[in-house]
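The values are calculated or read from the model by the stated rules, or taken from the named source; none is laboratory data. None of the values given here were measured: they were computed from a predicted structure. Virtual Cβ from ideal backbone geometry, glycine too; neighbours counted across all protein chains shown.
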Amino acid sequence: MKIASIVGARPQFIKLAPFSREIRKRHREVLIDTGQHYDEEMAGNFFSEFRIPKPDHSLGIGSADHGEQTGKMLIAIEKVLLSEQPALAVVFGDTNSTLAGALGAAKLGIPVAHVEAGLRSYDSSMPEEQNRVLTDHLSRLLFCPTDAARDNLKREGIASGVHVVGDVMVDSLEESRLAAEKRSRILEDLKLRKKAYQLLTVHRPSNTDVKENLLAILEAIGGSKVPTVFPVHPRTAGCLSDYGLEGNLPKNIITTKPLSHMDTIHLVANSQKVLTDSGGLQKEAYILGVPCITLRETTEWTETVDVGWNRLVGADPEKIKEAISNFAPPHYRPRVFGHPGASERIAGIMDDFLSKG
């Protein structure tokens, strides 16, 4: 049967890769790329790096304010879905592409499957939280990566179609790590030694658009004296320039342009610690066994905090410095994201759903 997969942002391509390979063994996949990550430095060559077929429909929406971007996506996605008439629409994660895909399909009576359903930070000011809550309430199939995600849905009265399948990134991350170990040259290029540096990423408006917060984060990391690799997101680069910080960062911070997924995974796997406000990087650090310091007050990956491998510090410089110096997770790291094979489990459940009409 025909299944439409709707993606557009970098984290979604990572989730799509193992799913797409599995679903194409069973059905015809129509791949729709909204173009949310239009910047070549941010996007990189997703399709070759993740071994994903080229999209059947490239919408080229690009950047805009949330309402405008989501609206443009919804208009374009609806036209594609009307022409393709898939039996099922699959969305991933919590971006504007996720919500636009779910809303477009639901309004046309096309069942929606949400991969990575049930995550909650309980911070309603986050666009990602708004997207994931609305998408879950529009979906017929909800694929939860963890038991906690299922419990979140249950508290909201969503029980039908909910399946705990594990995380699709478990399927792909070890493969990416091994490939990066062989092919990535990022450590050599930056003259880094394994476990002798930390990795920083900052891109959320709460950190980048508030000068005091961005300054506090950078000054705290500067005070740590630990060599810190900082791939600069386009949003963050603009803010650094506006604040007069471009070229004036602490000497232990090594800035780079946005990196490929392979180089990023190689840096994460070999770092002392990860400092980030990214949801995806928190999870990748956990799966790879690297302590994570999250530059947010809340997280959707509460499990990683509960088991002691992730610490929430916000933009508080004292908490950041203390965590860099003293945060040491316990030896035990449970498999909160499940065992490999999530993509196969999802595909099997989809088969059962489609066979019932």
Quiz item: Quick one: what pairs do we get from the stretch 92-116, first residue in the same structural domain as Asn152 (by TED's automatic domain parsing) and under 17 Å from Ala149 (Cα atoms), second in a strand (DSSP E or B) and of a type in the set (Ser, Thr, Tyr), C-beta under 8 Å, 6+ apart or different chains?
Solution: Phe92/Ser5
Exercise. Any chance you could count how many residues in the stretch 59-87 are among the acidic types (Asp, Glu) and touching a residue at least 24 places away in the same chain (Cβ under 8 Å)?
Key: 2
Practice problem: Looking only at the stretch 98-120, decide whether some residue is in contact with a helix residue (DSSP H, G or I) (Cβ under 8 Å, 6 or more places away or on another chain), outside any helix (DSSP H, G or I) and of a type in the set (S, T, N, Q). | Solution: no
Quiz item: If you go through the stretch 315-332 one residue at a time, how many are surrounded by 15 or more Cβ atoms within 10 Å (Cβ to Cβ) and either among the acidic types (Asp, Glu) or touching a residue at least 24 places away in the same chain (Cβ under 8 Å) (or both)?
Solution: 10
Quiz item: Residues that are surrounded by 14 or more Cβ atoms within 10 Å (Cβ to Cβ) and among the small types (Gly, Ala, Ser): which helices (runs of 4 or more DSSP H) entirely in the stretch 194-249 hold 2 or more of them?
Solution: 211-224, 234-242
Quiz item: If you check Ser206, Ser271, which single one turns out to be in contact (Cβ under 8 Å) with a residue 60 or more places away in the chain, under 24 Å from Asp167 (Cβ atoms) and small (Gly, Ala, Ser)?
Solution: Ser271
Exercise. For the stretch 144-182, enumerate the residues that are among the hydrophobic types (A, V, I, L, M, F, W, C), part of a helix (DSSP H, G or I) and closer than 16 Å to Gly338 by Cβ.
Key: Ala148, Ala149, Val168, Met169, Val170, Leu173
Quiz item: Where residues in the stretch 261-284 are crowded, with 18+ Cβ neighbours inside 10 Å and in a loop (DSSP other than H, G, I, E, B), which of them is modelled with the lowest pLDDT?
Solution: Ser278
Quiz item: Restricting to the stretch 336-357, what's the tally of residues that are of a type outside the set (S, T, N, Q), without any contact (Cβ under 8 Å) to a residue 24 or more places away in the chain and outside any loop (DSSP other than H, G, I, E, B)?
Solution: 2
Quiz item: Looking at (1) assigned to a helix (DSSP H, G or I); (2) over 19 Å from the mean Cα position of the chain (by Cα); (3) basic (Lys, Arg), which is the one condition that is false for Arg333?
Solution: (1)
Quiz item: Arg183 fails exactly one of the following numbered conditions: (1) farther than 23 Å from Gln282 by Cα; (2) free of Cβ contacts under 8 Å to residues at least 40 places away in the same chain. What is the number of that condition?
Solution: (2)
Exercise. Please work out which residue is modelled with the highest pLDDT, limiting yourself to the stretch 117-138 and to residues that are surrounded by fewer than 19 Cβ atoms within 10 Å (Cβ to Cβ) and among the acidic types (Asp, Glu).
Key: Glu129
